[in-house]
Every structure is written in structure tokens, then in C-alpha cells.
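Working notes, beginning with the structure itself.
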Amino acid sequence: MQGKDLIVILGDQLSHALSALEASSAENSVVLMAEVAEEASYVWHHKKKLAFVFSAMRHFSQALSADGWDVRYRRLDDEHNCGSLTGEVSALLEEGGFERVVMTEAGEQRVSAAFEAVSKDWVVPLVVLPDARFLATREAFASWADGRKQLRMEYFYREMRRKTGLLMQGDQPEGGQWNFDAENRKPAKADLFMPQPFRVEPDAITQDVLEMVERERGAHFGVLDGFWFAVERPQALEALEQFTREALPRFGDYQDAMLTGEPFLYHSVLAQYINIGILDPLEVCRRVERAYYEGQAPLNAVEGFIRQIIGWREYMRGIYWLKPEGYTDQNFLGARRDLPRFYWTGETGMACMAAAIGQTRQEAYAHHIQRLMVTGNFAMLAGIDPKQVHEWYLAVYADAYEWVEAPNVIGMSQFADGGFLGSKPYAASGNYINKMSDHCGGCKYSVSQKTGEGACPFNALYWDFLARNEGKLRGNPRLGQMYATWGRMSEIKQQEYLQSAAKTLEEIETL
Ligand code: FAD
Ligand code: DLZ
């Protein structure tokens with residue numbers, strides 16, 4: 001008699017169209033899903049992220065069972081839990097009757113390597129299938145990158161537009177332009193009708209998970225109260241509808257804005273649903289494209305949104321798998337300082353940092369500009385060890401998985417890859433934050449004061465960063481103007497900046 005397939009479904013593969021499911025059948029397989037300590041603790045995950053992943057896994061396993069699949073589900077608090085994904089597979093294989101283990105490729109290199117290593121001891125082969133949720137396979141990205149002197153997202157994005165036909169008129173981009181980013185940099189004002197993401201009241205499964213997370217993982221980062229994430233596909237589809245209707249029309253204009261007390265602004269808050277598999281990235285883009293053709297959202301918003309998904313998201317994954325060895329160990333700028341404690345507590349007088357970290361603790365969410373130009377910018381200017389910065393980002397956001405987080409942090413935000421991913425460091429003084437937010441008005445530090453007691457720390461740190469890294473950055477054409485400005489300053493002025501920065505760094509824990 002023929003044996004069955006043992007299908008392994010990881011916690012971020014919750015899609016009914018998953019290649020591992022499509023490669024088998026309900027009659028001829030056993031599906032294994034497992035909540036395990038190894039995945040719950042490789043970083044100090046936010047408690048809301050843990051609850052989200054486990055609740056979504058439980059809902060998905062129920063949906064699979066309802067569709068006739070034979071699902072073996074291991075809870076985190078099960079006394080027989082082996083503690084690791086590969087351990088759970090090995091234990092189930094012991095029962096016998098299996099012909100092969102089938103899985104869709106893991107998103108993270110860590111998990112992929114573990115399966116590759118342990119499967120050598122299995123008596124049946126491990127079959128790993130491509131993850132069809134991405135537009136570009138790892139191989140397709142590698143061949144796009146091959147032979148290019150410089151990799152730039154914009155050119156990759158245009159290929160993805162052509163491949164999908166999204167916002168295309170024949171072979172030309174809709175509106176005659178590929179990219180409308182120049183229109184997307186407006187500061188926002190508080191608005192009585194500010195949209196909010198779709199919220200779901202926790203059901204019995206989620207309640208059970210919330211109690212388990214508090215009991216088993218109570219010491220993890222973040223606040224568990226007020227959990228509202230969608231945990232199954234129909235709810236996530238409602239979240240997509242609500243975003244498209246209420247926030248998308250202004251997504252473009254205010255994409256880079258920050259406002260006190262408005263953690264979400266016009267952002268979609270869909271990344272956690274897409275990354276875990278309960279929404280498909282292409283279906284999200286097609287829905288948003290339809291809003292444009294039906295006159296419900298302008299082109300700058302729709303193009304900007306689609307670019308984030310078929311451009312940046314795919315590009316990040318491609319870069320991550322292009323550099324499988326030691327991607328997260330890179331430290332081009334030689335930054336060695338420890339991550340300040342306020343990244344975990346949010347207790348700092350810098351209003352922008354307190355807002356970004358505070359909402360991160362509360363919601364396991366901050367939008368792109370907060371991640372890039374506030375917490376990321378500060379860490380880079382202050383010379384924080386990029387590995388510590390990477391581990392912080394991987395822990396604190398509900399959407400964080402290394403394949404997307406690491407290129408964003410190591411590459412885009414910390415320039416620790418020396419410009420492999422992006423063309424320049426995203427460094428900015430307090431001026432940028434003041435232009436794009438309302439934080440500076442209520443801040444303990446003065447953004448208009450450049451140096452000395454009470455000056456915004458970003459100001460002196462900005463020039464100190466450029467001066468400190470001059471040997472490595474001066475040749476970057478996109479920084480030429482800033483180095484020219486630095487060069488035109490009097491020596492006295494330069495010293496004021498450097499001394500002010502040195503004091504700030506000395507007192508970094510008390511900022
Ligand atoms: P929106 O602003 O509504 O954007 C729409 C969608 O586009 C997102 O849902 C996401 O799927 C995609 N997207 C947007 N920007 C990016 C990007 N730079 N890279 C990849 N996808 C993008 N995104 C993650 O999904 N996981 C992470 O762990 C993560 N870590 C980040 C760390 C840093 C330092 C930075 C600068 C960015 C990071 N991002 C990460 C990218 C981006 O900030 C988040 O995708 C976004 O904030 C999620 O919120 P949203 O769903 O409201 O996105
Ligand atoms: C993020 C996460 C967590 C917290 N827990 C689990 C888990 O217990 N079981 C599981 O299968 N997956 C979990 N995940 C998602 C995995 O970490 C993810 O599949 C890998 O990082 C590969 O991308």
C-alpha cells in the first residue's frame with residue numbers, strides 16, 4: 001500500500017492555495033501544524049504578534065479540517081510538545097505510514113536550514129516547493145540581478161508591473177509615468193474623519209490564545225490588552241475592503257506623514273495579514289487597482305500602494321535570498337553601540353521616538369516612516385550595532401519575518417550592507433521630522449536649536465554621523481551636497497556639532 005504525504009504548514013503559510021497543499025490531496029495526506037517554543041522565542045516577539053500567529057494558525061487548521069484535511073495540530077502548552085518544528089515532524093514520522101514530507105519553502109533561512117539538516121536523518125524524502133505567493137521566484141530574482149552593476153528597486157518594479165499588467169495600458173504605465181512618489185510627501189493634519197483599520201472582537205479561540213500567551217510568554221515585549229487583529233481570511237478581506245474604501249484615497253498624499261495620537265493614518269495595516277498568508281499580495285493589488293478604475297482613489301495613491309507590494313516587498317525578499325550567508329551580520333559602518341533601553345520601554349523625552357515606540361508596544365505596529373526615519377534613523381545616527389537593531393525590529397512588529405525585516409533594517413534603514421540594497425543612507429536631522437510630523441511642538445527638545453543643552457538630539461547626531469563615516473560615505477554621489485555643506489562650515493561650528501553629539505551619546509540612556 002502507498003504511504004501518505006506528511007504536509008508541514010508553517011505559521012506564516014496560512015493559505016488554502018499553498019503549493020504544499022496543492023501538491024497533495026486531503027485523502028492522501030496528514031497535515032502537521034505546530035506551535036513551538038523555538039519559533040516563539042528566537043527573538044523576544046511582541047505578545048500581540050504571538051497571539052496573532054497562534055490564533056490565525058488555529059483558525060486555519062479548523063478551516064482545513066472543515067474542508068476534509070486530516071490535520072494534526074500541536075498547541076504550545078501541550079505536554080508532549082517537542083519544542084521545534086523539525087522535532088514535531090520527526091515525532092510524527094515515527095508513527096510510520098508516510099512516503100514523503102512535503103512543504104512550501106520556509107520564508108526564513110534559519111528555518112530552511114534546520115529542515116535541510118534534520119531531514120537527512122528521515123527515512124522519507126523532504127520535498128520543498130516554491131512559494132507561489134510571490135511574483136518572482138528566488139531564481140527569477142537572482143537571474144534579474146545577475147550581471148547588474150547596481151540593483152535598484154525601481155527597475156525591478158517596472159518588470160513586475162509588466163509581468164502582472166497592474167496599472168498598464170499595453171506596454172505603457174497608466175498615466176504615462178511609472179512612479180508618482182514626488183506627489184506623496186505631504187504632511188498631514190488631524191482630521192475628525194481619520195480612518196481606522198478594521199477591528200475584530202476576539203472570539204473564543206483568540207481568547208484562549210490570549211490567556212495562553214500571557215501564561216506562557218508573559219515576560220515578552222509589548223501589551224496584550226486590546227487585541228483586535230483579524231485572525232482568519234474573511235475578516236482580513238473585510239479589513240482590505242475598509243482600507244480601500246476609507247484610507248486608500250489619501251494613502252499616497254500622506255504616506256510619509258506622522259501625527260501624534262494617530263498610529264495608522266492612511267496606511268493599510270495589512271502587512272501582517274499578507275505575510276502570514278490570509279491575504280494574497282496580488283489579490284490585494286488587484287482590489288486596489290479596481291478602486292482606481294472605478295474612480296474611488298487617485299492614481300498617485302494606487303500606484304504608490306501597488307509599488308510597495310509588487311516592488312518593495314518582492315525586492316526585499318529577492319535581496320534576502322540573494323545573500324543567504326550572513327546577511328544579518330553585515331556592519332559596513334562598524335557601528336558598535338548597544339541599543340538604548342528606551343527602545344523597549346518608550347521612556348524618552350524625544351517625542352517622535354516616544355510616539356513610535358509607545359505605539360509599537362501597544363499595537364505591534366508603526367508605519368514605514370516611523371520605522372525608517374524615526375527609530376531607524378536614530379539608531380543609525382547614534383551608531384547602534386545593526387544586529388541589535390535587526391533583532392529589535394524582528395521582535396516588535398506583528399508583520400516581522402526575517403526575509404522582509406532584515407533587508408529593510410540591515411539594508412534600507414541602517415546602510416549596514418554598504419549600499420547593496422539602496423543607494424544612500426536614510427539619514428536626517430530633526431528638520432525632516434518637524435516637516436513631516438507634529439511631534440516637535442510638544443517635545444522636550446527644541447528642533448530649531450542645533451547644539452547644546454536642550455537641542456534636538458537628531459541635529460548634532462546627523463552631522464556627527466556624516467563626519468564619523470566620512471571615509472566610507474564621502475564618495476556617495478547622493479551625499480555630495482551634504483558633505484559640501486559640512487565642508488563650508490567653520491571649524492568652530494563643526495566642533496560644536498561634534499561635541500554636542502559626543503555629549504548626547506554619553507548620555508544616550510537618559511535622553
Ligand atoms: P502600508 O504603508 O499600507 O503599505 C502597503 C503594503 O506594502 C504593506 O502592507 C507591505 O506589504 C508593503 N510594504 C510597504 N513598504 C514595504 C517595504 N519597505 N518592504 C516590504 N514591504 C513593504 N514590512 C514587513 O512586512 N515586515 C517587517 O518586518 C518590516 N520591517 C521594516 C523595518 C524597517 C526598518 C522599515 C523601514 C520597514 C519595514 N517594513 C516591514 C516595511 C514597512 O514599513 C511595512 O511593510 C509597513 O509599515 C506595514 O504597514 P502597512 O501594512 O500599514 O503598510
Ligand atoms: C512567527 C512564528 C511564531 C511566533 N510561532 C510559530 C510557531 O509556533 N509555529 C510555526 O509553524 N510558525 C511560527 N511562526 C512563524 C515562523 O517563525 C515562520 O514560519 C518562519 O519564520 C519561516 O518564515
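Data for the structure
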quantity	calculated
Test item: Cα-centred dipole of the chain, Lys/Arg +1 and Asp/Glu -1 on Cβ, debye	2160 debye
Reach of Lys47 by Cα under 16 Å, taken over aspartates and glutamates that are not fewer than 8 positions away in the same chain	Glu35, Glu38, Glu39, Asp77, Asp208, Glu211, Glu214, Glu216, Asp225, Glu363, Glu391, Asp399
Segment 152-194 - convex hull of the alpha-carbon atoms, volume per residue in Å³	121 Å³
Cα-based reach from Lys149 at 17 Å (exclusive), listing aspartates and glutamates while leaving out same-chain residues under 8 positions away	Asp417
29 Å Cα-Cα reach of Lys493 towards lysines, excluding residues that sit fewer than 8 places from it in its own chain	Lys424, Lys435, Lys444, Lys450, Lys472, Lys503
Angstrom value of the Kirkwood radius, inverse mean 1/r, which spans all Cα pairs in the chain	24.2 Å
Length gained when the stretch Lys424-Thr485 is fully extended (0.36 nm per residue, less Cα-Cα span)	20.3 nm
Efficiency of FRET from Cβ geometry, Lys435 and Arg158, R₀ 35 Å, rounded to 0.05	0.75
Asp191 versus Ala117: modelled label distance in nm, points set 7 Å from Cα along the beta carbon direction	5.0 nm
Computed accessible area, Cys456, all protein chains, 1.4 angstrom probe, square angstrom	20 Å²
Cβ-Cβ FRET estimate between Ala26 and Val127, R0 fixed at 22 Å, reported to 0.05	0.80
Additional length obtainable on full extension of the chain from Arg341 to Ala37, 0.36 nm per residue less Cα span	106.9 nm
Efficiency of FRET from Cβ geometry, Glu216 and Ala91, R₀ 25 Å, rounded to 0.05	0.80
Where a label projected 7 Å from the Cα of Arg474 along Cα→Cβ would reach, residues of segment 485-509 with amide N under 18 Å	485-492, 494-495, 498
Segment 133-277: translational diffusion in µm²/s, Stokes-Einstein, Kirkwood Rh over Cα pairs, 10 °C, 1.306 mPa s	84 µm²/s
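The values are calculated or read from the model by the stated rules, or taken from the named source; none is laboratory data. Please read these numbers as outputs of a predicted model, since none were measured by experiment. Virtual Cβ from ideal backbone geometry, glycine too; neighbours counted across all protein chains shown. These accessible areas exclude ligands, DNA and RNA; they are computed on the full protein's heavy atoms, side chains included. Shrake-Rupley method; radii C 1.70, N 1.55, O 1.52, S 1.80 Å.
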